[in-house]
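What follows is a short report on a single structure.
Each reported figure results from applying straightforward, stated rules to the coordinates on display, with no laboratory input. Just so it is clear, the structure is predicted and the values come from calculations on it, not from any experiment. Cβ placement follows ideal geometry from the backbone for every residue including glycine, while neighbour counts extend to all protein chains displayed.
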2 protein chains.
Amino acid sequence: MQQYVRKNIQEMTGYTPGEQPQAGKFVKLNTNENPYPPSPAVGRAIREVLERGLSRYPDPTATAFRIRAAEVLAVEPDWILCGNGSDDILTIVTRAFIAEGQTLRSAYPSYILYRTLAEIQGATFESMPFHPDWSLPASFADMRDDVRLAVLVNPNSPSGTMVPPDVVATLAARLNCPLLVDEAYADFADTNCLPIVRQHPNVMVVRTMSKSYALAGLRFGFLVAQPTVIQQLLKVKDSYNCDALSIAGATAAIDDQPWLQDNRSKILATRDRLTESLQSMGFAVQPSQANFVWCQHADQPSRPLYEALKAQRVLVRYMDYPDWGDGLRITVGTDEQTDALLAILQSILK
Amino acid sequence: MQQYVRKNIQEMTGYTPGEQPQAGKFVKLNTNENPYPPSPAVGRAIREVLERGLSRYPDPTATAFRIRAAEVLAVEPDWILCGNGSDDILTIVTRAFIAEGQTLRSAYPSYILYRTLAEIQGATFESMPFHPDWSLPASFADMRDDVRLAVLVNPNSPSGTMVPPDVVATLAARLNCPLLVDEAYADFADTNCLPIVRQHPNVMVVRTMSKSYALAGLRFGFLVAQPTVIQQLLKVKDSYNCDALSIAGATAAIDDQPWLQDNRSKILATRDRLTESLQSMGFAVQPSQANFVWCQHADQPSRPLYEALKAQRVLVRYMDYPDWGDGLRITVGTDEQTDALLAILQSILK
């Protein structure tokens with residue numbers, strides 16, 4: 001039966017997400033989840049849907065969310081496409097733009113899921129190395145006919161760094177293909193690329209409710225792009241890709257902007273403290289615009305540190321990028337989680 | 001920007017699901033939803049997840065569901081792939097097996113979404129007409145190299161008829177490609193094709209919780225196939241394709257088999273009454289193995305009947321199949337909904 005599977009699928013290994021231990025107590029700082037519970041309005045909205053019932057199909061385009069999000073983001077509802085997590089949006093976008101044998105371009109090191117998405121399409125994944133200061137090479141916008149989608153994770157993972165929106169706009173103007181800006185972490189940054197979407201029809205911005213809205217368990221993400229693009233992408237998505245509970249929960253979450261601002265302030269304060277503490281322990285820490293930091297210790301290799309932390313039930317993400325190097329990506333947790341991490345690191349490094 | 005979209009996507013019109021009026025009061029008998037609320041265990045399970053919180057990513061493979069479903073269906077958990085509705089499963093399967101220029105084969109008339117799924121892949125959709133008695137032509141299993149997936153909706157929509165499992169097994173043995181049996185309505189039928197999966201490694205059975213478990217709003221479906229197939233399909237699915245609430249709700253639903261049997265009995269009793277009443281009004285009604293019936297009136301064309309019903313706020317599905325004909329597909333509702341439908345039909349036909 002395996003022989004019937006497309007060769008590109010047979011040959012790929014598949015994306016491995018960060019560990020999600022379903023049992024046992026971990027200080028979990030490996031997949032950039034928000035350490036705080038979401039806005040209480042989320043649970044209320046979901047309970048209301050439960051009262052109304054689940055036997056009917058949900059709204060195919062999550063209209064309630066799009067109306068509220070459009071107000072918050074200063075766009076129109078028909079500029080928004082909703083998805084079952086931003087993963088669903090990334091899948092829709094790659095299916096719409098990339099055929100077999102074409103190329104998806106990304107920066108390196110960055111979010112490795114894009115390689116998998118290209119492989120599923122039978123496409124080539126091309127990664128352009130960042131400069132040592134995490135700025136993009138100008139060649140990122142050099143065009144070839146086979147390049148049909150460029151992706152920029154901004155702020156980037158694992159680095160937490162950002163390419164400034166004016167630089168992104170310049171790249172977009174030079175690119176003769178769509179540019180997807182993955183803003184999973186933008187709510188923790190000083191700026192973002194949403195304003196560029198209006199001036200550059202080839203720019204699309206994808207956001208998730210998983211990180212800044214503390215809703216990783218709900219699966220809700222969205223794309224902001226010009227309406228002619230959204231119309232095409234709607235043809236590719238599954239008919240009812242967002243369920244009734246997640247639509248209600250996500251709408252309540254984006255409606256609660258005071259919660260977002262308060263949560264953001266807490267994360268950013270802890271991020272500063274985490275950065276300084278790691279530096280004082282001998283880590284090189286990249287200044288972060290996200291809810292994680294990327295670091296390497298001056299003397300200690302990263303993998304044994306990851307393993308020693310895991311043995312003491314602290315999970316961080318060990319990342320090893322061929323031809324580039326490795327390091328630890330540590331999610332900004334609560335103050336208590338951060339204290340626990342730092343104390344254990346301290347004892348490991350002694 | 002549109003010019004960057006793949007030509008096959010640009011040229012397709014996209015699938016239009018049945019009308020889902022978000023406002024106004026309709027007797028809604030057009031998209032085969034279950035007219036009853038789901039098992040009360042579903043709401044309890046979802047409220048428990050809300051208590052635990054939504055800020056963590058869900059289990060990537062919905063293990064809790066797979067364990068319970070495996071017991072109910074007499075398979076092993078690694079024979080099950082869970083999806084965000086069966087739509088997600090259909091998307092994963094088409095992406096795994098069908099490349100550009102290849103062919104997806106289906107019967108005709110049947111579920112028209114499969115044409116869209118083929119078009120998104122840049123593949124050809126081939127539909128083989130049912131015989132007038134809704135049996136399959138033997139040519140359904142005639143092989144060509146380009147045919148990479150055969151799909152059989154069983155019970156079929158719109159007809160509600162079924163190809164017997166022993167016939168499906170014979171087809172599977174002749175087919176030199178995977179055979180996906182879409183059993184969205186199997187819980188309302190006298191039999192099903194699950195036992196075939198063990199004997200024929202190229203057979204996959206897809207089920208949904210939307211119809212028989214009254215959970216269309218939750219988006220949960222699953223595939224039963226041999227583990228070597230599941231392993232390949234896992235590489236294609238989004239990492240966290242099922243959210244924490246739907247995993248808990250679906251697990252509670254499949255755990256409540258007494259609810260399913262009770263619900264099924266009610267639907268089947270109403271289906272019998274609906275069938276007889278329509279026949280007594282002059283409709284030709286196909287004996288149904290699903291939660292809907294397919295009918296045409298002896299004297300009255302179908303479209304004006306659909307429109308007259310809609311004007312009186314009863315929604316049924318009008319289907320028109322080129323080179324085949326049209327008809328009404330009417331979902332089995334509650335007894336009250338069925339009475340309302342029949343009374344209005346009576347007055348229209350007078």
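How do A:TYR114, A:TYR213 line up, fewest other C-beta atoms within 10 Å first?
Lowest count first: A:TYR114, A:TYR213.
Cross-link candidates for B:LYS211: which lysines have Cα within less than 16 Å, leaving aside residues fewer than 8 places away along the same chain?
Correct list for B:LYS211: B:LYS28, B:LYS266.
Report, please, the projected area of region B:40-255 averaged over directions, based on the convex hull of its C-alpha atoms, in nm².
Its average projected convex-hull area is 11.4 nm².
Put a point 7 Å out from Cα along the line to Cβ at A:ASP190; what are the distances to that point in the other copies, in nm, shortest first?
7.4
How long are the semi-axes of the ellipsoid equivalent to region A:187-288, from square roots of 5 times the Cα gyration tensor eigenvalues, in whole Å, largest first?
Working: eigenvalues 200, 71, 32 Å².
Equivalent ellipsoid of region A:187-288: 32, 19, 13 Å, largest first.
Using a label point 7 angstrom from Cα along Cα-to-C-beta, what distances in nm, from shortest up, separate B:ARG264 from the other copies?
Listed shortest first, these distances are 5.2 nm.
At a threshold of 8 angstrom on Cα-Cα distance, excluding pairs fewer than six apart, so keeping six or more, what relative contact order does region A:40-256 reach in percent?
Dividing the mean separation by the residue count of region A:40-256 yields 30 percent.
Quick one: B:ASP326, B:ASP299, fewest Cβ neighbours within 10 Å first, how do they rank?
Working: B:ASP326 16, B:ASP299 6.
Result, fewest neighbours first: B:ASP299, B:ASP326.
Which one of A:THR13, B:VAL293, B:PRO37 is farthest out on the positive end of the charge dipole of the protein assembly as shown, using unit charges on Cβ (Lys, Arg +1; Asp, Glu -1) and the Cα centre as origin?
Result: B:PRO37, furthest along the dipole toward the positive end.
Once you list every other residue whose beta carbon is under 15 Å from the beta carbon of B:TYR36, what net charge do they have if Lys and Arg are +1 and Asp and Glu are -1?
With Lys, Arg at +1 and Asp, Glu at -1, the net is +1.
Every other copy gets compared here: list the nm distances from the B:GLU76 label point (7 Å along Cα to Cβ) to its counterparts, shortest first, one decimal.
Values, ascending and in nm: 5.6.
Under the Kirkwood approximation applied to all pairs of distinct alpha-carbon atoms, what is the hydrodynamic radius of the protein assembly as shown in Å?
26.5
If you place +1 on the Cβ of every Lys and Arg and -1 on the Cβ of every Asp and Glu, how big does the dipole about the Cα centre of chain B come out, in debye to the nearest 20? Present the calculation step by step, with values, prior to reporting the outcome.
Values: 32 positive and 38 negative charges, 116 e Å.
So the dipole magnitude of chain B works out to roughly 560 debye.
Remind me, what semi-axes does region B:232-297 give for its equivalent ellipsoid, largest first in whole Å, using sqrt of 5 times each Cα gyration tensor eigenvalue?
Values for region B:232-297, descending: 37, 18, 8 Å.
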